[in-house]
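Let me begin by presenting the structure, written as structure tokens, before commenting on it.
The values are calculated or read from the model by the stated rules, or taken from the named source; none is laboratory data. All of these numbers come straight from a predicted model, not from anything done at the bench. Glycine gets a Cβ as well: all are built from the backbone with ideal geometry, and neighbour counts include every protein chain shown. What goes into the accessible areas is simple: the full protein's heavy atoms, side chains included, and nothing from ligands, DNA or RNA. Shrake-Rupley method; radii C 1.70, N 1.55, O 1.52, S 1.80 Å.
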Amino acid sequence: MNIQILPSLLAADLAHLGDEIRRVAAAGADALHLDIMDGHFVPNLSFAPDTSALCKKYLPEGFPINTHLMMTNPDKYAGRFIEKGSTTVQFHLEMREQIDVRALASEIRAKGARVGLVVNPDTPAEVVRPYLDCADEILCMTVFPGYGGQSFIADVLPKITAIRAMAPEMDIMVDGGVNFETAELAAAAGANAFVAGSFLFKQTDMKAAIEELRARCAAAFRAS
Ligand code: DX5
Ligand code: ZN
């Protein structure tokens, strides 16, 4: 499968946001991961729809903006992010009782974006199964969302393998605590897409780090 590497803008130097966005594309990343926190679904706050517009302005034409809505009401905001430039909208299945997952997925696709369904570390694989037909990617959180720089939760690995068995062709992404070693573990379990914030932005040579991460993940995925 296609290995994808997505730097998370949360770990960027916010004093130089335009340069940091350009750095992601120049480093050969597959997409930019934009974390949106609402202060309700998670305790923290981060970016807003205008940040998608800013990313679009500084990225090459057509460069994907993968937008992770950590929100209790993603249905109210998905359209606004797509209008501003987001090309994938991810929302959490922990909100499945409160929002209409199928209707939101249809709306996102109708507006021309991809749908990502997200599960927290303690949400089981079986929650994903009924919605596989309305997902373009599944994001397995490998930390509890809300903050960058946390440690990878290895207990999530069997869930990745279970979802890979359910959906052999699906893009399966991990997010949280990703570095060379943890990415290899996730790839060996069946993940093919890797969000990394602090690990990639702290590199002096992000391009070399992405190349090594991609090579290691490809090898571990093939061996799985
Ligand atoms: C966590 C966010 C992640 C975060 C990852 O709430 O969803 O995308 O930026 O950061 P690192 O890679 O530093 O764990
Ligand atoms: Zn994220």
Applying the Karplus parametrisation 6.51 cos²θ - 1.76 cosθ + 1.60 with θ = phi - 60° to the phi angles of region 106-114, what ³J(HN,Hα) value in whole Hz is obtained for each residue in order, glycine and proline being reported as x? 5, 4, 4, 5, 4, 8, x, 10, 8
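Beyond 29 Å, what share of the Cα-Cα pairs of region 4-223 is found? Please give it as a whole percent.
Result: 18 percent of Cα pairs exceed 29 Å.
Can you compute the charge dipole magnitude of the chain about its Cα centre, using +1 on each Lys and Arg Cβ and -1 on each Asp and Glu Cβ, nothing else charged? Give it in debye, rounded to the nearest 20.
340 debye
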Arg23: net charge of surrounding residues, Cβ under 11 Å, Lys/Arg +1, Asp/Glu -1, itself excluded? -2
Surface share of carbon and sulfur [accessible, 1.4 angstrom probe, percent] for the chain: 51 percent
As I understand it, the dipole of the chain uses +1 on the Cβ of Lys and Arg and -1 on the Cβ of Asp and Glu, about the Cα centre. Which of Pro60, Ala25, Pro130 lies farthest toward its positive end? Pro60
Checking the a/c ratio against 1.5 first, then a/b against b/c, what shape does the Cα gyration tensor give for region 109-178? oblate
Listed by chain and number, the aspartates and glutamates with an alpha carbon less than 15 angstrom from that of Lys57, same-chain partners under 8 positions apart left out, are Asp19, Glu20, Glu83
Given 137-143, 34-40, 2-8, the highest-first ranking by average Cβ count within 10 Å works out to 137-143, 2-8, 34-40
At 1.4 Å probe size, with every protein chain present, just tell me what the per residue accessible area of the chain comes to in Å². 42 Å²
Please list, ordered by chain and number, the residues whose modelled amide H lies under 5 Å from the amide H of Ile5; skip anything fewer than 5 residues away on the same chain. Asp30, Ala31, Phe194
Taking a straight Cα-to-Cα line shorter than 20 Å from Lys76, and setting aside same-chain lysines fewer than 8 residues away, one finds Lys84, Lys111
